[in-house]
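Here the structure is laid out as structure tokens; the discussion comes afterwards.
No value in this document is a laboratory result; all are computed from the given coordinates. Only a predicted model underlies this, so the values are computations on that prediction, with no experimental measurement involved. Note that each Cβ is placed from the backbone with ideal geometry, even for glycine, and that neighbours are counted across all protein chains shown.
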Ligand code: NBP
């Protein structure tokens, strides 16, 4: 008996993916650098399906039916290169290597190119949903050649999460597209979490409600349009008491947010592409600020708030305002993330279908949410939609939230409560919808100190004003005065 698919790297993620395949009736070859993990899987879950275990990579490869499909689930970085190299030496033309770890997409582009030259398919695939998702149905974002998806796709779709019977897995695009989309997914996750954290902070400081009371608010929000995994687990975390002190757990957790780097990659790439993903960037920087201990200590000691204690007159109305501000800011963060996917797809020639990405994020992954249905529908209405925020449905949503959003951001500023994601999202909203932006003045300044030229609203071509001489205007390139 040959295995339909192999998994090498049996730490939490690989082990659970292998079990997921087995539970779906697929014969799975399993391998890990250290055999103890393979043995542990057999001991603890061997009865869940048919596993073929091998100690050596060569034996592992020999147990697979052709074209061989091997999923690598090891620590991203040099370990992945080492495993790919070992595997590539054992595989034959047409076989498929899948890297399902969290690789940075430029690495995936490089690996795909090298392996394609050796006649092998390389699929960089995003997998979201953590340990639990890997076992019970993750959201899967595979890139690589379309040809490889023909035999690999049905297997991945089979083990992915399903929403309304539709798999949360689809072909994303060539080479690095899958890992890119997973990266942006994580960036959006940063923004989502920051917005939730700001909403909690505002309610707590504005109304004095306890974490348990705020947990109840999030639970209620989760039954409406904000319904999502992150809102659901926010209620869980806020309701949790600390066994040691009896306080709310959130009050004894150190307030320094960490990161593994996908948010940073998302922001770095957005800077390269020139896409303003301000919500994700502020969320990433907010984590950096929280971890800047010496700066925070110095600032805490020296900088006054310049405000009085905040008092909200109508707590229920305020909570509803915060809910609306959260929803509108969330729409902005997603709109920006989808803009980044569009820009990258264009720049790298990937042809990513944004509506399909929203569809495969509806289940299995960390940002799964009811509202993703609305995003899919928006892209179904217009595949080339230039701005998600400007889709009719979202125009309605944001219009209904707008007054509340402004009240919340203004109140936060007046009362010294940091809301980088709420505020920057509102600034983006006002910036992107503006008739005229003060960018005109920036162009004037650039022309003054650097003769960088400017374009005019009323004539074609580029122009320069002789700032140091008689301040007459000259046409520089195809223009006329
Ligand atoms: P880890 O990221 O902790 O990696 C441990 C695995 O990598 C073990 O199987 C280990 O083998 C193997 N490994 C290492 Br380390 N270096 C190796 C090398 N040079 N050659 C061969 N094998 C090597 O595992 P994980 O948490 O299961 O995550 C796997 C991948 O999935 C990562 O890329 C991660 O970023 C990604 N991911 C994780 C999550 C999550 O929630 N954890 C979610 C989504 C994606 P050993 O047993 O012999 O040491």
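Before moving on, here are some points about what is shown:
- The calculated 222 nm mean residue ellipticity attributable to helices in the chain amounts to -17500 deg cm²/dmol, summing -39500 (n - 2.57) over DSSP H runs of n ≥ 4 and dividing by all residues.
- DSSP beta bridges in the chain [antiparallel fraction, %, rounded to 5]: 40
- Three-way shape label, the chain, alpha-carbon gyration tensor, a/c 1.5: oblate
- Sequence-separation-based contact order of the range 361-449, relative, with Cα cut under 8 Å and 6+ spacing, percent: 11
- Under the criterion of Cα pairs below 8 Å and six or more residues apart, the relative contact order for the range 404-474 equals 14 percent.
- Burial ordering of 139, 56, fewest other beta-carbon atoms within 10 Å first: 56, 139
- Using alpha-carbon coordinates, inclination of helix 177-207 to the longest axis of the chain, degrees: 50
- Rounded to 10°, Cα long-axis angle of helix 420-433 versus longest principal axis of the chain: 70
- Normalised contact order of the chain, rounded percent, pairs of Cα under 8 Å and 6 or more residues apart: 12
- Distance from the alpha carbon centroid of the range 274-300 to that of the range 389-431 works out to 19 angstrom.
- In terms of its C-alpha gyration tensor, the range 1-158 comes out rounded, because the ratio a/c of the largest to the smallest axis stays below 1.5.
- The distance separating the Cα centre of the range 200-222 from that of the range 28-76 comes to 46 Å.
- C-alpha long axis of helix 211-221 to longest principal axis of the chain, angle in °: 80
- Overall form of the range 255-296 per C-alpha gyration tensor (a/c, 1.5; a/b vs b/c): prolate
- Arranged from fewest to most other beta-carbon atoms within 10 Å of their beta carbon, 13, 141 become 13, 141.
- When you count the other C-beta atoms within 10 angstrom of each residue and take the mean per peptide, 363-372, 42-51, 423-432 line up highest first as 363-372, 423-432, 42-51.
- Each residue in 35, 348, 171 was given a count of other beta-carbon atoms within 10 angstrom of its own, and listing them fewest first yields 35, 348, 171.
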